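Beneath this line is the structure, given in structure tokens, with notes to follow.
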């Protein structure tokens, strides 16, 4: 039996699953997945999962509709790890009388909390956009602090890092925050507690300032070992904060700082703004594009009107606009390269990749303009070629997925190579006991 058996929440087209399987397909086994798009009639991502993971139970309903009994079944079946990328929303909470504390309606983080309460996993690996650390704009860091406090109350510690995939050899400049959440009574939880509580034993007077939190962040933690950073804070940005009171108190009163790297245990967190070592060469866009003879003619742009639109969208602008109250103002936008450099990793891919817009990747090869193919989009996220080409309906029918949806999937996915490295290090951690 696999050592770590996984429930993948908000699974998309299986990015976490692909990354963990690349790390060690025998050590990690996904037993359950959940994928549902409430705003869409067609459940294309669910169908891709259904096609790619025929032996995994894929739950195609809104996660809020999964009963606690199902989560308890997962625990009985041996699920001991949860993974997932969840939306960044407003996480404010409030007292609700006799019902205690309740999070804002429709926020999927509270479904993660509910799953944890029922499954009690050893670990969670979660992913989100990096702006979560500064959310909401009127009380920066509050939403993240609510999450940290929630995990602390459940008996977990949290290590986090904002990772730009291109800094660690991947073919895309994609910044995302990753959480490593571990139960305090696991072997690693006990070891980490020792590391964080130990008194420094200096070898010289220069070491007298050794800080166990910094030791963890720079050397001992999961992210430190797989995604090394310079051993000094950027611009002296370091902060410590104790999350006193319940999550309502945090929601109402939080005023601390949260930087791109940190560790929280027992409701106390230490955070540092870190910078990558910069010693890993990224994969460039030119290294992952398909040869010309593999690229269908439909991906080339020959329509002069569309070419002109791309040139306009990517160019600088100063446009007079009128607000709803009648106020006139100038909208300015800086110019960008007329097409994407093949000598750099790709820019962050968005869900709008399949449309004509400013953020769409625009290639110029052998005097011809073209768009990314679905295979190239998959390579930017380090998925196997044609991973999203087919889906299987609930009725068992295999069908081909449209290019537009395949590009949408990849704009919404994660770089599986980052998950692979997390999985490699987590295996070492789990093998402690």
*Among the numbered criteria (1) surrounded by fewer than 19 Cβ atoms within 10 Å (Cβ to Cβ); (2) at pLDDT below 95; (3) in contact with a helix residue (DSSP H, G or I) (Cβ under 9 Å, 6 or more places away or on another chain), which single criterion is violated by residue 143?*
(1)
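Mind counting the residues in the stretch 171-193 that are in a loop (DSSP other than H, G, I, E, B) and in contact with a strand residue (DSSP E or B) (Cβ under 9 Å, 6 or more places away or on another chain)?
Taking the stretch 171-193 and keeping what is in a loop (DSSP other than H, G, I, E, B), we get 171, 173-174, 184-186.
Remaining after also requiring in contact with a strand residue (DSSP E or B) (Cβ under 9 Å, 6 or more places away or on another chain): 171, 173-174, 184, 186.
Residues in the stretch 171-193 being in a loop (DSSP other than H, G, I, E, B) and in contact with a strand residue (DSSP E or B) (Cβ under 9 Å, 6 or more places away or on another chain): 5 in total.
Which residue out of 78, 84 is in the same structural domain as residue 128 (by TED's automatic domain parsing), at pLDDT 95 or above and in a loop (DSSP other than H, G, I, E, B)? Let's see the steps before the verdict.
On the way: 84 fails: in a loop (DSSP other than H, G, I, E, B).
One residue alone meets the criteria, 78.
Would you be able to tell me the number of residues in the stretch 24-53 that are assigned to a loop (DSSP other than H, G, I, E, B), under 23 Å from residue 412 (Cα atoms) and modelled with pLDDT of 95 or more?
Initial filter on the stretch 24-53 (assigned to a loop (DSSP other than H, G, I, E, B)): 25-27, 35-43, 53.
If we keep only those that are under 23 Å from residue 412 (Cα atoms) too, we end up with 35-43, 53.
Retained after the next criterion (residues that are modelled with pLDDT of 95 or more): 35, 53.
Summing the residues that are assigned to a loop (DSSP other than H, G, I, E, B), under 23 Å from residue 412 (Cα atoms) and modelled with pLDDT of 95 or more in the stretch 24-53 gives 2.
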*Please specify each residue of the stretch 362-391 satisfying the condition of being surrounded by 19 or more Cβ atoms within 10 Å (Cβ to Cβ), in contact with a strand residue (DSSP E or B) (Cβ under 8 Å, 6 or more places away or on another chain) and over 15 Å from residue 296 (Cα atoms).*
362, 380, 381, 391
*Identify, please: which residue in the stretch 54-68 is without any contact (Cβ under 8 Å) to a residue 40 or more places away in the chain and part of a strand (DSSP E or B) and is, among those, surrounded by the fewest Cβ atoms within 10 Å (Cβ to Cβ)?*
57
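Does residue 321 fit the bill of being assigned to a strand (DSSP E or B), in contact with a strand residue (DSSP E or B) (Cβ under 8 Å, 6 or more places away or on another chain) and within 30 Å of residue 168 (Cβ to Cβ)? It would help to see each step written out before you state the result.
Values: assigned to a strand (DSSP E or B): yes; in contact with a strand residue (DSSP E or B) (Cβ under 8 Å, 6 or more places away or on another chain): yes; within 30 Å of residue 168 (Cβ to Cβ): no.
Here the answer is no, as residue 321 does not meet what is asked.
Is it true that residue 343 is part of a helix (DSSP H, G or I) and either in the same structural domain as residue 129 (by TED's automatic domain parsing) or loosely packed, with under 11 Cβ neighbours inside 10 Å (or both)?
On the way: part of a helix (DSSP H, G or I): no; either in the same structural domain as residue 129 (by TED's automatic domain parsing) or loosely packed, with under 11 Cβ neighbours inside 10 Å (or both): yes.
The answer is no for residue 343.
The values are calculated or read from the model by the stated rules, or taken from the named source; none is laboratory data. Computed from a predicted structure; not experimentally measured. Methodologically, a virtual Cβ is constructed for each residue, glycine included, from the backbone with ideal geometry; neighbour enumeration extends over all protein chains shown.
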